[in-house]
Amino acid sequence: MDTLHKIGRRKTAVARVYLNEGSGNITVNNKELNAYFTTAPLQYKVKQPFSLTENVDKYDVNVNVNGGGITGQAEAVRLAISRALVEIDAENRTALKPEGLLTRDPRMVERKKFGQKKARKKFQFSKR
């Protein structure tokens, strides 16, 4: 199997994932997974597609991710890994689809409007 390349996005984060057969090493921006995503929930999100499809420690993953915050980046990586696993074996789709891991989350930050403090918040109203 040669290298498989997939892209995942979440908010403004873009993750490019390169999947190879290997021993389960996950590298994010040339750092180990535990060094880049320091909290356990974020590490769980990245590893979730592997655990659901029972492919833990079968693939080496190299990730380039930029934009957004760390939560959005972790979810972008999760989407890209899920897409790659489905391309490797279509049977994986039945495990990933019900969990919502193949759906690109379309929610984005609402833009700020003029004459207002933020997107929905207004400036303080003074009657007199």
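Each reported figure results from applying straightforward, stated rules to the coordinates on display, with no laboratory input. Since the structure is predicted, the reported quantities are computational estimates derived from the model, not experimental observations. Cβ sites come from the backbone with ideal geometry, for glycine too, and all protein chains shown count toward neighbours.
In whole Hz, what ³J(HN,Hα) sequence does segment 36-47 give by Karplus (6.51, -1.76, 1.60; θ = phi - 60°), x for Gly and Pro?
7, 9, 7, 8, 5, x, 5, 5, 5, 4, 5, 8
How much length is gained if the chain between residue 20 and residue 127 is pulled fully straight, taking 0.36 nm per residue apart and subtracting their Cα-Cα distance, in nm to one decimal?
That works out to 32.0 nm of additional length.
How far is the Cα center of segment 44-122 from the Cα center of segment 2-22, in Å?
10
For the chain, what is one quarter of the convex hull surface built on the Cα atoms, given in nm²? Before the final figure, lay out each step's value.
Working: hull surface 40.6 nm².
Result: a mean projected hull area of 10.1 nm².
Counting other Cβ atoms within 10 Å, which GluC sites (Glu not before Pro) in segment 1-89 have at most 12 and lie in a DSSP loop?
Values: sites: 21, 32, 54, 75, 87; in loops: 54.
Those satisfying the criteria are 54.
Suppose each label sits 7 Å from its Cα in the direction of the beta carbon; what would the residue 70-residue 32 distance come out to in nanometres?
Here the modelled spin labels are 1.6 nm apart.
I'd like the Karplus ³J(HN,Hα) series for segment 92-98: coefficients 6.51, -1.76, 1.60, θ = phi - 60°, whole numbers in Hz, and an x wherever there's a Gly or Pro.
5, 4, 5, 7, 8, 4, x
Around residue 26, which amide H atoms from residues at least 5 apart in sequence, or from another chain, sit under 5 Å from its own amide H, with H modelled in the peptide plane?
33, 61
So which of 47/97; 45/97; 11/121; 11/58 end up more than 18 Å apart, counting from Cα to Cα? Let's see the in-between values first.
Numbers: 47/97 16 Å; 45/97 15 Å; 11/121 21 Å; 11/58 29 Å.
The answer is 11/121; 11/58.
Of the trypsin sites (Lys or Arg not before Pro) in segment 51-94, which ones lie in a loop per DSSP and count no more than 15 other C-beta atoms within 10 Å?
Numbers: sites: 58, 78, 83, 93; in loops: 58.
For trypsin sites (Lys or Arg not before Pro) across segment 51-94 that sit outside H, G, I, E and B with at most 15 neighbouring Cβ atoms in 10 Å, the list reads 58.
Any chance you could list the semi-axes, whole Å, largest first, of the equivalent ellipsoid that the Cα gyration tensor gives for segment 53-112, using √(5λ)? Write out the running numbers ahead of the final one.
Numbers: eigenvalues 119, 46, 13 Å².
Here the semi-axes work out to 24, 15, 8 Å.
What does the highest-first list of 6-12, 114-120 look like by mean Cβ count within 10 Å? Please list the in-between numbers first.
Details: 6-12: 18.9, 114-120: 8.7.
Ranked from most to least packed, the peptides come out as 6-12, 114-120.
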